[in-house]
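The values are calculated or read from the model by the stated rules, or taken from the named source; none is laboratory data. The structure displayed is predicted, hence computed values, not measured ones. All Cβ positions, even for glycine, are placed from backbone atoms using ideal geometry, and neighbour counts span all protein chains on display. Side chains are part of the model used for accessible areas, which takes the heavy atoms of the whole protein and leaves out ligands, DNA and RNA. Shrake-Rupley method; radii C 1.70, N 1.55, O 1.52, S 1.80 Å.
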Amino acid sequence: MNDEIFEQIHRSLTVEQIMTPKEEFYFHPQDSKLHKEITIFPIKNEDGSIIRYYDSEGSREHYILPNKVVSKNLDIMSLIKMLDRNSFFFVTHDEIVGIVTVADLRKGAVRMFFYLLLYRLENRMKAFFKERMSEAEFIELAKPKCRSQNKVYELSVFEECSFYDYLVALKNYDFFKQKYGLSIRDVEQFGGLDKFRNWIMHPSREEVRVKIDSDLEYNHYLFKQLDRIQKLEILLQDS
């Protein structure tokens with residue numbers, strides 16, 4: 001996937017795809033006693049406008065200030081970073097059109113966003129090693145499982161090996177570590193991306209499912225993986 005196509009798809013995955021639209025709002029005070037699992041309730045003025053909300057956790061009303069507002073066109077990458085500091089935002093498009101919370105990060109559009117990131121990262125790791133070494137050198141470095149048996153392969157090792165194999169190769173590639181002053185422990189932080197990739201690709205598999213009940217912890221987990229992916233991409237581009 002070239003960067004132009006990636007950016008087109010990336011820009012189309014926005015807050016609008018995961019927000020709760022205004023038509024589905026529960027309002028204070030009429031709904032707040034019935035939906036105790038919800039903490040943020042918009043307050044509707046007599047003219048139908050929304051400029052305040054009720055926070056049931058603090059039992060207080062608040063005005064909707066600019067720091068609690070995002071555009072419906074905000075990309076999901078930026079939203080993940082912002083939700084690591086705030087648990088919700090009202091969504092605007094001239095007026096309030098929705099609300100987005102950390103719970104919305106469990107929706108399919110977010111998983112699709114990470115799928116695209118991991119797809120691009122795997123391609124970049126493949127290109128990184130293909131430009132620098134032969135198949136034999138890569139096999140010695142990564143010891144990929146796909147070459148551990150005596151069988152005939154139609155494709156090159158770079159096409160047959162896995163995301164995990166590339167991460168192992170990076171850990172063992174002294175030039176990569178030395179250029180950036182990285183220790184094995186530094187590089188091993190990227191190893192967690194393999195489990196994350198398996199979960200993104202196969203969400204129905206119990207053994208790779210991420211068991212995080214708290215929405216805030218879930219967002220911290222996504223933020224951590226996003227940070228790892230972006231750091232590794234920068235290192236690969238600069239090498």
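For the stretch 74-115, which residues satisfy the criterion of being more than 15 Å from I51 (Cα to Cα) and without any contact (Cβ under 8 Å) to a residue 12 or more places away in the chain? Listed by number, the residues that qualify are S78, R85, G108. With respect to the conditions (1) modelled with pLDDT under 85; (2) surrounded by fewer than 17 Cβ atoms within 10 Å (Cβ to Cβ); (3) within 21 Å of F128 (Cβ to Cβ), E159 falls short on a single one, namely (1).
For the stretch 126-136, a residue qualifies if it is in a helix (DSSP H, G or I) and either surrounded by 13 or more Cβ atoms within 10 Å (Cβ to Cβ) or outside the structural domain of L193 (by the TED database) (or both), and the qualifying residues are K126, F128, F129, K130, E135. Is the stretch 26-47 home to any residue that is aromatic (F, W, Y) and more than 14 Å from S87 (Cα to Cα)? Yes, some residue in the stretch 26-47 is aromatic (F, W, Y) and more than 14 Å from S87 (Cα to Cα). Considering R60, R11, the condition of being open to solvent by 90 Å² or more (accessible area, probe 1.4 Å) and in contact (Cβ under 8 Å) with a residue 40 or more places away in the chain is satisfied by R11 alone. Residues in the stretch 152-194 that are in a helix (DSSP H, G or I) and among the polar types (S, T, N, Q): N172, Q178, Q189.
Only a single criterion out of (1) under 20 Å from T92 (Cα atoms); (2) surrounded by 10 or more Cβ atoms within 10 Å (Cβ to Cβ); (3) within 28 Å of the chain's Cα centre (by Cα); (4) of a type in the set (A, V, I, L, M, F, W, C) is not satisfied by I38, namely (1). Within the stretch 200-214, the set of residues being more than 12 Å from the chain's Cα centre (by Cα), within 13 Å of R106 (Cβ to Cβ) and either loosely packed, with under 12 Cβ neighbours inside 10 Å or modelled with pLDDT of 75 or more (or both) comprises K211, D213, S214.
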